[in-house]
Amino acid sequence: MAGTLWLCFGAILLSVVFGAESKFMVYNTSQSVVPGKLNVHLVAHTHDDVGWLKTVDQYYVGSNNSIQGACVQNVLDSMVTALLADSNRKFIYVEQVRCFFFVLVLQINSMSLMTLVPFSNRCGTQNFVKAYLGNNPSVTPKFWLAFPVSVPPFGFSTYIISTSRRAGVNSIKSSIHTFPSGDISTFQVGNGNLQLKFSADQGKIVYGNSKSLVDELVDQSYSYYPGYDGRRDKAPQNAGAYIFRPNGTFPIVPNKQVPVTVIRGPLIKEVHQQINPWIYQVTRLQKGREHVEVEFTVGPIPIDDGVGKEVATQITTSMKTNKTFYTDSNGRDFIKRIRDYRADWNLEVNQPVAGNYYPINLGIYTQDDKKEFSVLVDRAVGGSSLVDGQLELMLHRRLLLDDSRGVEEALNETVCIHNECRGLIIQGRLYYRIDPLGEGAKWRRSFGQEVFSPLLLAFAEQDGDNWANSHKLTFSGIDSSYSLPKNVAVITLQEIHDRNVLLRLAHLYETGEEKEYSVITRVELKKLFPEEEIKRVTEMNLSANQKRTDMEKKRMVWKVENGSDEVKAKRGEAVDPKKLVVELSPMEIRTFIIELGEKLNRKLVFDA
């Protein structure tokens, strides 16, 4: 981030020093590719990220420059002045912000607001919806508001929250039950088809789905891996930021003396558990959902014993999975993994834990001859299946030694307030579900999209009824009679320049992954842009820097052994300029630049 900002600052300063008004040149003032020019894009990579060496405030005001010299405030002040002085100048930034939480909690004064926003393909209407106040004993403030939301595709819905002034109107509140240690042996929570029966004394869960008829005994536990100290070895190699080298495994035994709190509301059921002094867990069920959500808060990881630790959670079932599990590749294909095995060479197992860990961006799953057990994540983590029927995810790391891979510091991030420094506390979510064999892909792909691309929440304060009277409360940008196929996702929709739109569509399923959705599907461009004239559609390569036809002409032809038997990948047909329908084969991603006609005179949805 800092590298990019300083690059912009240098360019602006150079222009200001010479004082001449710049001439309009499209390759200086556009984000798009310019034909006939060598297009060079600089993408800064730095280890000086916000939160790594300096805080947001330190980067903004330019303090603590002994670590890294940067002052965003100076950059912004000079940039605005330079832009105002010459209309031909344009500031281009790379947006790298992504919210990883499907449920957003916003603190407003002493109240936090939580909205449930399940995706819907039906346009929302202005109406009253049922809401209820919940209580969260683990944080301050303790109350949040939950209500169901319906949002039209490529659009928005508006909900107005206010205190009721009518007599006799009462909010629906959740009920709270705290069970002291030893008082009970089992209790049950559920929302519709999915029911969980907790065994308080053993820490196990009986998972039951009355719709799919799946029953399974589930045990979630925590453990940590001490980081390896290799300083005394002949070939020293420490555990560190880049090197996962555990020195044993230590289970984290839950504190059975701490009571369990159960919160029951009409939309959400929660079970709160303090696992130990630095691990807190909320197991959550939502109405209309048939998966379990686990929200974990981990940290600060203690290092008083002088040992770095890497914290993981294990979710164990009784399934017989024969060492086999599946992890995603960049959120797309699921790759088959076999514990202690490589298909291309004979593996000598020296690191039975680290050697079986894989990066996970979307999820991980395993299966036997009857069931599929899937876990989705809200951020990139490491994961594995080190025991049959068990899936493991690493949640947090704090190490005390450098691993000699270029950073030259230990992975020991801290937050310092008033000269008191503590290790980081992280909060995240994972989601798991058990399905009959062959039926888990639909949930992994559909709900995985909701986790990866959550709805955007925006807030405003209204004065009386002025907002509702002066703003459009609901809107959809596509034909109201049309919905995207359930096996398609819009990866990119961006106006680049001169009424040209970059559109990137992706098929969500692999070949043979799901019987209903692993098929060729079609998207109607006319219904995606119902109020626009589509003048031209040009298919590009994946990165949109050259036409697909030009790319294929330059593609190298390789001599392949048994080439005559090679199976060619199926691709969608070329887009007919009259029908304007895009075909997508399983796992295919297609990129287009769509040229639109002149803007129509129609009322703006948003005001300035």
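Only the coordinates and a few stated rules stand behind these numbers; no lab work does. Only a predicted model underlies this, so the values are computations on that prediction, with no experimental measurement involved. We place every Cβ from the backbone using ideal geometry, glycine too, and count neighbours over all the protein chains shown.
At q = 0.15, 0.18, 0.20 Å⁻¹, what log₁₀ I(q)/I(0) does a Debye calculation on the Cα points of the range 252-402 give, no solvent, two decimals?
Log10 of I(q)/I(0), two decimals: -0.95, -1.25, -1.38.
I'd like to compare 279-285, 149-155: which one has the highest average count of other Cβ atoms within 10 Å, and what's the full order after that? Display every interim value, and only then the final one.
Details: 279-285: 20.4, 149-155: 17.7.
Packing proxy ranking, top to bottom: 279-285, 149-155.
Using R₀ = 41 Å, calculate the FRET efficiency as 1/(1 + (r/R₀)^6) where r is the Cβ-Cβ separation of Glu552 and Asp344; round to 0.05. Please list the in-between numbers first.
Values: r = 29 Å, r/R0 = 0.72.
Calculated value: 0.90.
Using the number of other C-beta atoms within 10 angstrom as an exposure proxy, rank Asp498, Asp378 with the fewest first. Don't skip to the answer; put the middle values down first.
Numbers: Asp498 10, Asp378 19.
Fewest-to-most Cβ neighbours within 10 Å comes out as Asp498, Asp378.
Just how large is the dipole of the range 477-596 about the Cα centre, in debye to the nearest 20, putting +1 at every Lys and Arg Cβ and -1 at every Asp and Glu Cβ? Write down the numbers at each step before the final one.
On the way: 21 positive and 22 negative charges, 71 e Å.
In debye, rounded to 20, the range 477-596 gives about 340.
Below 8 Å between Cα atoms, with a sequence gap of 6+, how large is the relative contact order for the range 477-596 in percent? Spell out each step's value before the answer.
Working: 195 pairs, mean separation 46.0, N = 120.
Value for the range 477-596: 38 percent.
Looking at the square roots a ≥ b ≥ c of the eigenvalues of the Cα gyration tensor of the range 414-466, which shape do they give, rounded for a/c under 1.5, prolate if a/b is larger than b/c, or oblate?
Working: a/c = 4.43, a/b = 1.26, b/c = 3.52.
In terms of gyration-tensor shape, oblate.
Which pairs in the list Lys336/Lys486; Lys472/Lys527; Lys269/Lys527; Lys486/Lys554 are over 32 Å apart, alpha-carbon to alpha-carbon? Each step should come with its number before you reach the end.
Working: Lys336/Lys486 25 Å; Lys472/Lys527 22 Å; Lys269/Lys527 39 Å; Lys486/Lys554 34 Å.
Those over the limit are Lys269/Lys527; Lys486/Lys554.
Can you work out D for the range 450-605 in µm² s⁻¹ from Stokes-Einstein, where Rh is the Kirkwood radius over C-alpha pairs, the temperature is 4 °C and the viscosity is 1.567 mPa s?
On the way: Rh = 18.6 Å.
For the chosen part, D equals 70 µm²/s.
If you take the square roots of the eigenvalues of the alpha-carbon gyration tensor of the range 388-535 and sort them as a ≥ b ≥ c, do you get rounded (a/c under 1.5), prolate (a/b over b/c) or oblate? It would help to have the intermediate numbers written out before the result.
Numbers: a/c = 2.08, a/b = 1.35, b/c = 1.53.
Here the range 388-535 falls in the oblate category.
How about Lys204: which aspartates and glutamates have a C-alpha closer than 15 Å to its C-alpha, ignoring those fewer than 8 places off in the same chain?
Those aspartates and glutamates meeting the cut-off are Asp215, Glu216, Asp219.
Can you give the FRET efficiency for Leu38 and Ser483, using 1/(1 + (r/R0)^6), R0 = 60 Å, r = Cβ-Cβ distance, to the nearest 0.05? Don't skip to the answer; put the middle values down first.
Details: r = 42 Å, r/R0 = 0.71.
FRET efficiency, Leu38 to Ser483: 0.90.
Just order 524-530, 341-347 by mean Cβ neighbour count inside 10 Å, highest at the front, would you?
On the way: 524-530: 17.4, 341-347: 8.4.
For the peptides 524-530, 341-347, the packing ranking is 524-530, 341-347.
Ranked from highest to lowest mean number of other Cβ atoms within 10 Å per residue, what is the order of the peptides 212-218, 430-436?
Details: 212-218: 15.4, 430-436: 21.7.
With the highest mean Cβ count within 10 Å placed first, the list reads 430-436, 212-218.
Return one quarter of the surface area of the convex hull spanned by the alpha-carbon atoms of the range 502-579, equal to its mean projected area, in nm². Let's see the in-between values first.
Numbers: hull surface 30.7 nm².
That works out to 7.7 nm², a quarter of the Cα hull's surface.
With a bin width of 5 angstrom, please list the P(r) values of the range 184-256 as percents of all Cα-Cα pairs, from the 0 bin to the one holding the largest distance.
P(r) for the range 184-256, in whole percents per bin: 4, 13, 15, 14, 10, 9, 9, 9, 9, 5, 3, 1.
Sort Arg555, Arg405, Arg444, Arg289 so that the residue with the fewest other Cβ atoms within 10 Å of its own Cβ comes first and the one with the most comes last.
In order of increasing Cβ crowding within 10 Å: Arg555, Arg405, Arg289, Arg444.
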